[in-house]
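The values are calculated or read from the model by the stated rules, or taken from the named source; none is laboratory data. Bear in mind the structure is a predicted one, so any value in this text is a computation, not a measurement. Surface accessibility is based on the protein's heavy atoms, side chains included, excluding ligands, DNA and RNA. Shrake-Rupley method; radii C 1.70, N 1.55, O 1.52, S 1.80 Å.
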Amino acid sequence: MVLIATTAACGSTSGPAGQGAPTTAGRPSAGDQNAVRVQVEQSSLGPILTDQNGRTLYAFRNDKGRTSSCTDECVATWPALISREPATTGTGASRELLSQTDRAEGTSQATYGDWPLYYYVGDVGPGDVDGQGVDDVWFVVGADGKLIKTMP
């Protein structure tokens with residue numbers, strides 16, 4: 001289940017082009033939380049991490065030591081990649097870099113390298129990277145587990 005809330009501390013609700021948050025169609029559904037797979041797909045930024053449906057995965061530069069600092073209201077704009085079962089790897093993703101962390105509300109969030117993984121509600125479909133660079137703290141994650149800081 002995805003938690004819903006917002007906060008300015010985690011970034012604005014608008015993307016780089018002033019996009020507002022989308023309707024619920026842009027949010028991961030609760031059904032997606034049963035079997036989560038992290039994989040690598042090509043994008044306008046090069047190879048990046050996505051979920052099993054091609055939805056872009058982001059990291060928050062303010063997170064430290066694989067611990068999420070996007071809590072409470074932040075998760076409305078940046079829903080955590082959570083699942084009932086541990087995430088698995090798909091094409092191009094490294095099993096050694098994939099792990100999980102326990103969140104404050106008791107769910108398990110997938111991590112890759114040093115980064116807890118999130119969606120951006122401004123991305124309405126597979127391949128969208130509208131959260132890239134938001135507030136200079138949200139970035140897509142590359143196959144090597146490092147943040148990609150180039151802009152589309």
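Computed with a 1.4 Å probe over protein heavy atoms only, the accessible surface of the range 105-152 comes to 35 Å² per residue. Solvent exposure of the range 43-100, expressed per residue, is 44 Å² of accessible area, with all protein chains present and a 1.4 angstrom probe. Less than 5 angstrom separates the built amide H of G133 from those of W138, F139, V140, all sequence-distant by 5 or more or on a different chain. Here the range 110-150 exposes an accessible surface that is 51 percent carbon and sulfur, computed with a 1.4 Å probe and the other protein chains kept in place.
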